[in-house]
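Structure first, commentary second.
What follows draws every value from the coordinates through simple rules; no lab data is involved. In this text, all values refer to a predicted model and were calculated from it rather than measured experimentally. Neighbour counts run over all protein chains shown; Cβ positions are idealised from the backbone, glycine included.
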Amino acid sequence: MTRKNLTNNKRRSIIEALVFLALMVAVFVPLGHYMGSGNMLNTIMNTAHNLLLNTVFYLMGITVLTGALSKLMSEFGVVSLLERILRPLMKPLYNLPGVAALGGLMTFLSDNPAIISFAKDKKFSSYFKKYQLLSLTNFGTAFGMGFVVIITMIGFGQAVGALVGLAGAFCGSIISTRIMQRSCLKAFPELDAPVYEGPVEELAEEEQKPKDSVFLRFLNAILDGGKNGVELGLAIIPGVLIITTMVILITFGTGAEGYTGAANQGVPILPWLAGKIHWVFEWLFGFQDMRLIAFPMTALGAVGAALGLLPTFNEAGILDGNAIAVFTAIGMCWSGFLSTHTAMLDTLGFRKAISKALGAHTIAGLCAGIIAHFLYLLISLL
């Protein structure tokens, strides 16, 4: 490395440090001035502690149980049965081969990156054209952590809203996948070719001849699935504690006795900004309280962190069936795609499509929430 390059790198690092410090000062000094610096620091710590004890462990309990259930469904053939039922729908709805249904089911039961393990499999990907394979990032992400999201929503006593949200997310997945395919073909016509040339053989179904008894298979499935659930629960801790704490800090206001450093206090900057265009959120999503906008904004980066907002919304009395429906649709469809799409497409070796995938999924998530809202209104009138 030349001396000139070293000088440029040092200058860049100094500029980055100064910009970072300026942003930190611009964010935390006004908050500290408004809340009191001691109260602000105590609120941050107490909020993170409250989220860890009352939200993360609750979500981890759900991920352990759903992990065990999903493993049981896979072990005893339920996933294969569902895949066969869904296979005929894939071509007309998603313009994808029938085997893509298996990838969607696995992301629904786990998380977004599960689809990449299928896409990297030569036998699986041989059914796809190149542009279809790239669209799996959008298709799989639209169902990421879906099982956890739905079970969590139902836990708040809103089963109807959760199911309506599932329908909205399903519509969003179609929109995202189709837009991604269309934009990729328009920009890269060469992608309209099979991933692998030559005749495609039918996927050989693995005949699983269990060596163990049904009881041992059941026991191993729930233990292995529960272990996977623990790993997923641990993985969401940084997002919940860091992202959700910061979102709460700029979403909720003072307590009944003013700023005391208690958990879930803050300066309602986000609702104030949303209130400037409140009619948009009221008409599109049915949000009557602008604090609710914090959920979809958080779901952009991490749906686990967004779920961490639900207990606070519930305590504030602003969590109703419509909100659950919209949250489920947006939470499932987006499921933190900003933090996973780039890595997923990079793994597939096609970084050029990142902007198209992000754009398609942004539109689809908004559409999913809008569809869920109006569908919930329709059901409420019946």
Mind pulling the angle between the C-alpha long axis of helix 214-235 and the longest principal axis of the chain? Nearest 10 degrees, somewhere in 0 to 90. 40
Footprinting exposure proxy for Met153, Met40 (fewest neighbouring C-beta atoms within 10 Å first): Met40, Met153
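Report D for the chain in µm² per second (integer): Stokes-Einstein, Kirkwood Rh on Cα pairs, 20 °C, 1.002 mPa s. Intermediate values should be presented prior to the final figure.
On the way: Rh = 22.4 Å.
Once the numbers are plugged in, D ends up at 95 µm²/s.
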The stretch 35-179, relative contact order [Cα under 8 Å, separation at least 6], %: 21
Describe numerically, in nm with one decimal, the distance between label points set 7 Å from Cα along Cα→Cβ at Glu231 and at Ala256. 4.6
Which of the residue pairs Lys71/Lys120; Lys91/Lys356; Lys129/Lys186; Lys91/Lys129 have a Cα-Cα distance greater than 18 Å in the structure shown? Lys71/Lys120; Lys91/Lys356
Considering the zone a paramagnetic label at Ala187 would reach in this model (a point 7 Å from Cα along the Cα-to-Cβ line), which residues of the stretch 354-374 have amide N under 18 Å from it? 354-365
From the backbone phi of the stretch 51-56, what are the Karplus-calculated ³J(HN,Hα) couplings (6.51 cos²θ - 1.76 cosθ + 1.60, θ = phi - 60°) in whole Hz, Gly and Pro given as x? 5, 5, 6, 9, 10, 4
List the residues, sorted by chain then number, that are 5 or more residues from Gly255 or on another chain and whose placed amide H is less than 5 Å from its amide H. Thr260
Among Leu81, Leu109, Ser135, whose Cα sits farthest toward the positive end of the charge dipole of the chain (+1 at Cβ of Lys/Arg, -1 at Cβ of Asp/Glu, about the Cα centre)? Ser135
Helical mean residue ellipticity (222 nm; -39500 (n - 2.57) per DSSP H run of 4+; nearest 500) of the chain: -21500 deg cm²/dmol
What nm distance separates the two modelled labels at Ala22 and Lys276, each placed 7 Å from Cα along Cα→Cβ? 2.1
Would you mind computing, in nm to one decimal, how far apart the modelled labels at Ser37 and Ser13 are, each placed 7 Å from Cα along Cα→Cβ? 2.9
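Across the chain, where is the longest run that never hits GluC sites (Glu not before Pro) in a DSSP loop with at most 12 other C-beta atoms within 10 Å?
My reading of the result: 1-196 is the longest stretch.
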5 Å binning of all Cα-Cα separations within the stretch 85-128, expressed as whole percents from 0 upward: 5, 25, 30, 27, 13, 0
So if we plug the beta-carbon distance of Asn5 and Ile379 into 1/(1 + (r/R0)^6) with R0 = 56 Å, what FRET efficiency do we get, rounded to 0.05? 0.35
As a footprinting exposure proxy, order Tyr196, Tyr131 by other Cβ within 10 Å, with the fewest listed first. Tyr196, Tyr131
